[in-house]
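The values are calculated or read from the model by the stated rules, or taken from the named source; none is laboratory data. Since we're looking at a predicted model, the values are computed, not measured. So basically every Cβ, Gly included, is an ideal-geometry build from the backbone, and we count neighbours across all protein chains shown.
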Amino acid sequence: MGDDPVGLLDVLLGLAVVAGAATALTARRRMGAVVSFLVLGVLLAVLWSRLGAPDVALAEAAIGTGVTGALFVDAVTRGPPAARPPGAVPGAVPGAGARAGVSGALAAVLLGAGLGTAFAGAAGAGAAPGGLTGQVLGRMDVAGVEHPVSAVLLNFRSYDTLLEVVVLFVAVLSVTATLGEERPRHPAPAARAATLVWFCRVMAPVLVLVAAWVLFAGSDRPGGAFQSGAVLAGALILMDTAGLGPGPDHGRLLRVALVVGPAAFLVVAAGGLVAEGEWLALDPVWAGGLIVAVETLLALSIGVALTVVFLALGRGRVSPP
Amino acid sequence: MTAGLLLELLSAVLVVAGTGFFTVGTLGLVRLPDLRTRLHALTKADNLGLGLVVLGLVLQAGSAGAAAKLLVVWFLAMPASAVVAHLMSRGGGLSAAGSAADGPGTPGEGGSGGG
């Protein structure tokens, strides 16, 4: 799919992405900006698919549009209403127009230079799979998984993935630390709309099943820990919406689930140090099993991490009755 | 006309019909006056449009497994959109006593519904 020549559809898609971004930045009402952001996320996912990167498209759809979108919508509908009357132009600061124009022009120049260099490089390299693709495909026999992207993420460049997971972990820590003690939340399914509760009861197991499928599909097709974690976060947030989610007495369980993923990754990394003399080295015999185990625990941790961020941001704003 | 060509033609017709329904639904969203009429247009037209697009793609799916997954997408999207439309038409609150008068942005409604 990524080898097709650039067609009319791709040009239109690119223009639509730019238009979506512009709408998201210049919308007058916050809800309009959030909806434009969601549409932009969907368009980006389609764009990534057209570029032949279905894993990134999955991650964009699940995390960028799904979880981040849920956070934005939650912030806009439950936060304080905008103080400005809707007729006023947002950002009516003198000189704001000129500043926006200059930074926009600079961004366009940089983007154009970057794209031009990329196209020139691609044209010069020819059609054969060169660069890193050839190297990765040549080493797939020791990777332990069949999908090249999973091999890169969890074997060849697993250090980067480990750091990403730790960054997510630190973000969760900072959100929960700055928003204070978890306030007791009273899940009362009886007070919620019956349709909503029924829907969440039916859908949450389905979503958990989908998350498990996406996780194990990552070994030979697009999928993996981050996408699966995002779907799992969706399931937990849905349960929380129905009042069936993690409550104050699940605090310890949540903390264990948060830690177990990065901890397992660190154990495997240290095990590589002990067994092979190199941090994060994976013995080809054990690679497949270790990758699956680490990915499973990572998916659990990522799902719980995203849910905790959502819950903490929601609780932080609920004013005491 | 071979069977393969006929199948592709049928698939293309279904997908185009599906996108036609989506366009009509979007037209309804843009042109209709208030929330409930817009929800009416969106849920009906978009669900049918999604169904037609999925059916068109099922005809082109490589295997029974892929076809089943496409159908699962449609069967999951329908109750999701129905429930969301139902909740939105009750005023956007999550509580059982969702009043019709309040909009989704009222802090009090959101606070009691979410807390």
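Being crowded, with 18+ Cβ neighbours inside 10 Å and at pLDDT below 85: is that true of A:Gly41 here?
Values: crowded, with 18+ Cβ neighbours inside 10 Å: yes; at pLDDT below 85: no.
When the stated conditions are applied, A:Gly41 does not pass them.
Give the number of residues within the range A:178-206 that are part of a helix (DSSP H, G or I), within 11 Å of another protein chain (Cβ to nearest Cβ) and modelled with pLDDT under 90. Don't jump to the end; show me each part of the working.
Taking the range A:178-206 first, the residues part of a helix (DSSP H, G or I) are A:178, A:189-191, A:194-206.
Retained after the next criterion (residues that are within 11 Å of another protein chain (Cβ to nearest Cβ)): A:189-191, A:194-200, A:202-203, A:206.
Narrowing the set further to residues that are modelled with pLDDT under 90 leaves A:189-191, A:194-200, A:202-203.
Matching residues across the range A:178-206 total 12.
Report, ordered by the first and then the second residue, all pairs with beta carbons closer than 8 Å, sequence separation of six or more or different chains, a first member in the range B:2-29 that is touching a residue at least 12 places away in the same chain (Cβ under 8 Å), and a second member that is among the acidic types (Asp, Glu).
The qualifying pairs are B:Phe21/B:Asp46; B:Phe22/B:Asp46; B:Gly25/B:Asp46.
Of everything in the range A:236-257, what is more than 18 Å from A:Ala194 (Cα to Cα), within 14 Å of another protein chain (Cβ to nearest Cβ) and assigned to a helix (DSSP H, G or I)? Give them in sequence order.
A:Pro248
From (1) at pLDDT 90 or above; (2) touching a helix residue (DSSP H, G or I) at 6+ places or on another chain (Cβ under 8 Å), pick out the condition that doesn't hold for B:Arg38.
(1)
Here is a yes/no grid of residues against (1) modelled with pLDDT of 80 or more; (2) in contact with a helix residue (DSSP H, G or I) (Cβ under 6 Å, 6 or more places away or on another chain); (3) surrounded by 11 or more Cβ atoms within 10 Å (Cβ to Cβ); (4) of a type in the set (S, T, N, Q):
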| position | (1), (2), (3), (4) |
| --- | --- |
| A:Leu58 | yes, yes, yes, no |
| A:Thr65 | yes, yes, yes, yes |
| A:Ala75 | no, no, yes, no |
| A:Val93 | no, no, no, no |
| A:Ala107 | yes, no, no, no |
| A:Gly114 | yes, no, no, no |
| A:Thr117 | yes, no, no, yes |
| A:Ala120 | no, no, no, no |
| A:Leu137 | no, no, yes, no |
